[in-house]
Every structure is written in structure tokens, then in C-alpha cells.
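Here's the structure, in C-alpha cells; my notes come after.
The values are calculated or read from the model by the stated rules, or taken from the named source; none is laboratory data. Everything numeric in this text was worked out from a predicted model, so none of it was measured. With ideal geometry, Cβ positions are generated from the backbone for all residues, glycine too; neighbour counts draw on all protein chains shown. Remember, those area values only see protein heavy atoms, side chains included, never the ligands or the DNA or RNA. Shrake-Rupley method; radii C 1.70, N 1.55, O 1.52, S 1.80 Å.
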Amino acid sequence: MPETPPPSPAQRILPSVILETERLRLRAFVEEDVDDVFLIYTDPALQRWVPLPEPGVPYTRENAERWCGEVAPALRANGDGQHWAAVEKDTGRLAGSIGLLRTDWPAMRTELGYSVSPWGRGRGFATEATVAVSRWAINQGFQRIELKAATGNAGSRRVAEKAGFVLEGIERNAMPLHEGRTDLAAYSLVPSDLAR
């Protein structure tokens, strides 16, 4: 398949789309998501690996409000990527978040990140959403999707592997956490991986 040329600077914003999987609807964050976003990001198991809003600073309801109303929409509008609320179709409840970020348009490279609610863990939602978003990004012309997970975060690493990402190596001492720093396992997915 011939490589798609990178978009011009005026085109460096991902389209606002809703993606659907067997069990999830990936859509924009809305005000009604604030309570669930707050519950997800204050969960101690998630905070162990995702130090939001920054290491040593507790996540507040104001952070959740800003994320849903300002930050997530602005990340798409400024060309950084796209972030979706992953909503369980059967219940309508927010099961997690998934997004593309740190998009390098000239290189057609982006990074994928996700988080799952305490009530959604162990059900395959992260893998399902990761497959949908990464394949959608490849279909948009991206040549490389990166995914990074703390080396000790076995669940997140399993998601990467089940979604077909290839482990490239370890970035040593790469990310600050609330308590210390961690190495990151660096994975990638490129268009030729999908042919396998």
C-alpha cells in the first residue's frame, strides 16, 4: 500500500468521529461524564501508574470538569490528537478513556494511551478500544502508532500485546510516578503489522 503524504498544516486536526466496537461506543467526553471521570482517575490502582494531573498532586473534581469540558476537546482542536470516552453500550456507563496524543504530523506518528474504570477492568475493554482506535489511525494514514506502559504494569502491557503491538524495548527511568520513577515498555504498531 503506498504511503499517504502527511497532511498540510491546515489539515493537521483529526476528524471528530464516533467509533463503535462490539461492546463499546467511543465518543467525545460530555459534562455527564464528570462524575465517572473523577471516580476513574482517583482510583488508587490507576493512580499507581498514571500520575494525573502530575506526580505528587491529587486529582480533583475540578480536573475532571476541565478534562470533559475544555482539555479533551482542545487536544483535538490544536492537532495534538483525539480523545474518546469509552462507553459501555449495554449500560451507558463510562468504562474508560482512550486517545491519540503527542501526534507528530510530518512523521505521521502518534501515541496511544488508555485507562479503564475499576468496574471495567478484566473485561477486555481496553484491548477492544485499542484495536479500534489503532486501526482507525492507520486508516487515517498514520505510519506508526506508539504505546508505552510502565514495565511493572502487567495489565497494560497485556493490552498492547493482545492488540498486536510489537515490543521494541525499554525506556529506562522514563516516567515520573507519584512515588519515584519507572521504566517504560515501548511498543509500536505499523501498517505492515496488520498484514500478519
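Over the stretch 42-178, what is the mean sequence separation of C-alpha contacts under 8 Å (at least six apart), divided by residue count, expressed as relative contact order in percent? Before the final figure, lay out each step's value.
Numbers: 166 pairs, mean separation 30.1, N = 137.
Reported relative contact order: 22 percent.
So, for the chain, what is the accessible surface per residue at a probe of 1.4 Å, expressed in square angstrom?
Details: 10050 Å² over 196 residues.
Dividing the accessible area of the chain by its residue count gives 51 Å².
Could you put MET175, MET108 in order of accessible surface area, largest first, with the 1.4 Å probe and the full protein assembly present?
Details: MET175 50, MET108 10 Å².
Per-residue accessible area, sorted high to low, gives MET175, MET108.
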Problem - Accessible-area value, LYS162, 1.4 Å probe, nucleic acids and ligands omitted, Å² - result: 150
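For the stretch 1-96, take the convex hull of the Cα atoms, compute a quarter of its surface area, and give me that in nm², please. Provide the component values of the computation, followed by the final result.
Numbers: hull surface 33.6 nm².
Across all orientations, the stretch 1-96 yields a mean hull projection of 8.4 nm².
List the longest stretch of the chain that has no exposed loop site; here a site is one of the GluC sites (Glu not before Pro) assigned by DSSP to anything other than H, G, I, E or B, with at most 11 other Cβ within 10 Å.
Details: sites that count: GLU3, GLU22, GLU179.
Free of exposed loop sites, the longest segment is 23-178.
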Problem - Rounded accessible area of LEU101 (nearest 10 Å², 1.4 Å probe) - result: 30
Exercise for the section: Just tell me, in residue order, which DSSP H segments of the chain are both 15 angstrom or longer along the helix axis (alpha-carbon based) and at least 0.5 in mean Kyte-Doolittle hydropathy. Expected result: 125-139
Handout entry: Area of LEU147 that stays accessible when all protein chains are in place (1.4 Å probe, Å², to 10)
Key = 0
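On the protein heavy atoms, probe 1.4 angstrom, tell me the percent of accessible surface of the chain carried by carbon and sulfur.
Details: 5120 of 10050 Å².
The C+S portion of the solvent-accessible surface of the chain is 51 percent.
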Handout entry: Distance from the stretch 121-175 to the stretch 74-89 (C-alpha centre basis), Å
Key = 17
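Run the dipole for the chain about the Cα centre, Lys and Arg Cβ at +1, Asp and Glu Cβ at -1, nothing else charged, and hand back the magnitude in debye, nearest 20.
Values: 23 positive and 26 negative charges, 99 e Å.
Computed about the Cα centre, the dipole is about 480 debye.
At a temperature of 10 °C and a viscosity of 1.306 mPa s, determine how fast the stretch 47-196 diffuses translationally according to Stokes-Einstein, using the Kirkwood radius over alpha-carbon pairs as Rh; express D in µm²/s, rounded to the nearest whole number.
On the way: Rh = 16.1 Å.
Approximately 99 µm²/s, per Stokes-Einstein.
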